[in-house]
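Okay, so here's the structure we're looking at.
The values are calculated or read from the model by the stated rules, or taken from the named source; none is laboratory data. Everything quoted here is computed from the prediction, not taken from an experiment. In this analysis, Cβ positions are derived from the backbone assuming ideal geometry, glycine residues included, and neighbour counts consider all displayed protein chains. These area figures cover heavy atoms from the full protein model, side chains too; ligands, DNA and RNA do not enter into them. Shrake-Rupley method; radii C 1.70, N 1.55, O 1.52, S 1.80 Å.
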Amino acid sequence: MSDLSGFSRFARTYQPGELIFAEYEPGDSFYLIQAGRVRITKIVGDIEKNIDILQPPEIFGEMAILEGAPRSANAIALDTVKVLEFNRANFEILMMGNPQIALRLLRLFAKRIYDQKRRFMILTLEDPQAKIADVFLMLDETRAPMNQGAAELDGDKREFKVTVDDVAHWAGMNLNDVQTILGHFSNQRRVELYQDRIVVKNINDFIRFVNSKRKK
Amino acid sequence: MPKLAAFRSNSVIYFNGDVADKVYVLQSGRVSLNYTDIENGKDIHEVIERGEFFGVKSSLGHYPREENAVVLQDASVLAFTVPEFEQFASSNTRIILKMLKVFSNQLRRIHGQVENLMENQTSVNPENGLFRAGEYYLRNRLYSQARYVFGRYLTYYPAGRMAEQAGRFLEAAETALTRYGDGKGPAPLAGSQAGRPDTEPQAATAPRPQAQAALTDVAKDYYNAVSLFSQGKHQDALKEFKRIMDASGDDGEYGPKAAFDLGRCLYALSQWDATIRHFTGIIQSTPRHPDMADILFMMGQAWEKKGDNERAAGFYKKVLSMPGDEDSSARIKARKAMNAMGGA
């Protein structure tokens, strides 16, 4: 980690359990973790879902660069957390003095752009079944933290630690429609539905299906 | 060391879908990045300028190339491995900054496109979303989280539709936190969105602190004054708070609250000296005032307005050193204020 001793004025400390920011709050700063772990959660109905657990030297809250965009998740200190807090105003100072952090942010943006493009590809599919199948392809490709590594079972079988709600979110569809379609897939024995996970029996079957629906 | 490579006209440096492991700089000749716009399906030909980097995003992000890099005119390019590029960029931070700007613009754009498509189904009004997050925490007896969220709600939406409710929930959270501690005591907000029965049997029967109780007259007066304040009618609000303060004194719930808000009115009216006098009075007469962190913060603000940054910083530091208020809005505001002064 690069020398950040000159940045102590941006340093913040959070106690375990303390919220660093809440979802829907307008965001104007992002954070570099120096010590401790940060839990990223989303409240879905009556459940607070863990989305990720971050540790030094990860960056979070970087979507604050999207002006006026509300936070998309809660960030909660899991341990005593030390962060450097940056905003647009002091961002350049930090980056100029710390190319390593700038590079980390650059890599993060590259990944975010890709993730967003991938989501865009899902949302622009017209066939709702294909949208849902494509959500699983995306999760399989990216091994997003959401599913804590899509477990590769034997061969083409994949297990995703996601719920119907998550799938609905990624597909940009309403819950009922997603439930119906997943039920349909389940009847066709293409997926198995569990409380906390969904198993795709043959990921290649989904790949072929989505490709056939995607306009070239 | 980055390698210089020569490519003939019409050859392809990399194909869409290739594994990305190199970053290139065009030294001479002409190269075009060809891809299909994901939004409108149009074929895009982006001509690279001499000295320009290409292939950066996919290499750094470790994902496949998203375009064909086609040579239009015999070209020589400098090819960096990712570590070579990172090493090079580390000593040329301006380049990273420039790329960060390009990337953040692209991210903004694609994010906007995704949001557009999502809009119909899942977009939640941020004001409601924030309020609901607070309710969730309160319902689950995570009082300090609830306090943070409602504090933020009131910071961003002081005149919001649920501001009054947020104020009451904020108090309920504070009361429960002081009285029981996080995760303990009867849930101040019973029931659940999903109709899940609360596992805590006493929750159903316990009286809910303030939250649902009928408002007393003084409470109504108080919230009326708060409303005046949030509408920017500071002079009127000041009169009301003064009246409530005189009628209630230091006792009860609304006297001290009104005293605090009166100070806010003075501040809003740019009466810095009067603000400082008023808050100094509260600090002396009610050292355990529940809004002490905010009072100290406002003192700092008033001193800052008077141009005395040293005294202002002293008050901000006091806010930050106060125990048990780690996630209060005062703390956050004090941090920001310190930050701003430091950055000035």
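Please compute how much accessible surface disappears when A pairs with B, both sides summed, using a 1.4 Å probe, and round it to the nearest 100 Å².
5200
Divide the volume of the convex hull of the Cα atoms of region B:217-340 by its number of residues and quote the answer in cubic angstrom per residue.
104
Roughly how far apart, in whole Å, are the Cα centres of region B:12-32 and region A:35-63?
That distance is 36 Å.
So what's the angle, to the nearest 10 degrees on a 0 to 90 scale, between helix B:234-248 and the longest Cα principal axis of chain B?
Result, in degrees: 40.
Summarise the accessible area of region B:217-340 (1.4 Å probe, protein heavy atoms) by the percent that is carbon and sulfur.
Roughly 50 percent of what the probe reaches on region B:217-340 is carbon or sulfur.
When the Debye formula is applied to the Cα atoms of the protein assembly as shown, each taken as the same point scatterer, what base-10 log of I(q)/I(0) results at q = 0.06, 0.07, 0.09 Å⁻¹?
The Cα Debye sum returns log10 ratios of -0.38, -0.52, -0.81.
How far is it, in nm, from the label point at B:Asn128 to the one at A:Met121 when both lie 7 Å from their Cα along the line to the Cβ?
So the label points at B:Asn128 and A:Met121 sit 3.3 nm apart.
What angle do you read, to the nearest 10 degrees and between 0 and 90, between the alpha-carbon axis of helix B:143-156 and the longest principal axis of chain B?
80
Based on the alpha-carbon gyration tensor of region A:1-98 and its eigenvalue square roots a ≥ b ≥ c, which shape applies: rounded if a/c is under 1.5, prolate if not and a/b is larger than b/c, or oblate?
Verdict is oblate for region A:1-98.
Using only Cα positions of chain A, each an equal point scatterer, no hydration layer, compute I(q)/I(0) via Debye at q = 0.08, 0.10, 0.15 Å⁻¹ and quote the log10 values to two decimals.
Log10 I(q)/I(0), no solvent term: -0.34, -0.52, -1.01.
Given the rule -39500 (n - 2.57) for each run of at least 4 DSSP H residues, summed and divided by the residues of chain B, what is its mean residue ellipticity at 222 nm, to the nearest 500 deg cm²/dmol?
Computed ellipticity for chain B at 222 nm equals -18500 deg cm²/dmol.
Working from the pairwise distances between different alpha carbons, so that the mean of 1/r is found and then inverted, what is chain B's Kirkwood radius in Å?
Answer for chain B: a Kirkwood hydrodynamic radius of 25.1 Å.
Looking at region B:39-138 from every direction and averaging, what is the projected area of its Cα convex hull in nm²?
Result: a mean projected hull area of 10.6 nm².
Please give the helix B:329-343 orientation as an angle from the longest Cα principal axis of chain B, in degrees from 0 to 90, rounded to the nearest 10.
Once rounded, one gets 50 degrees.
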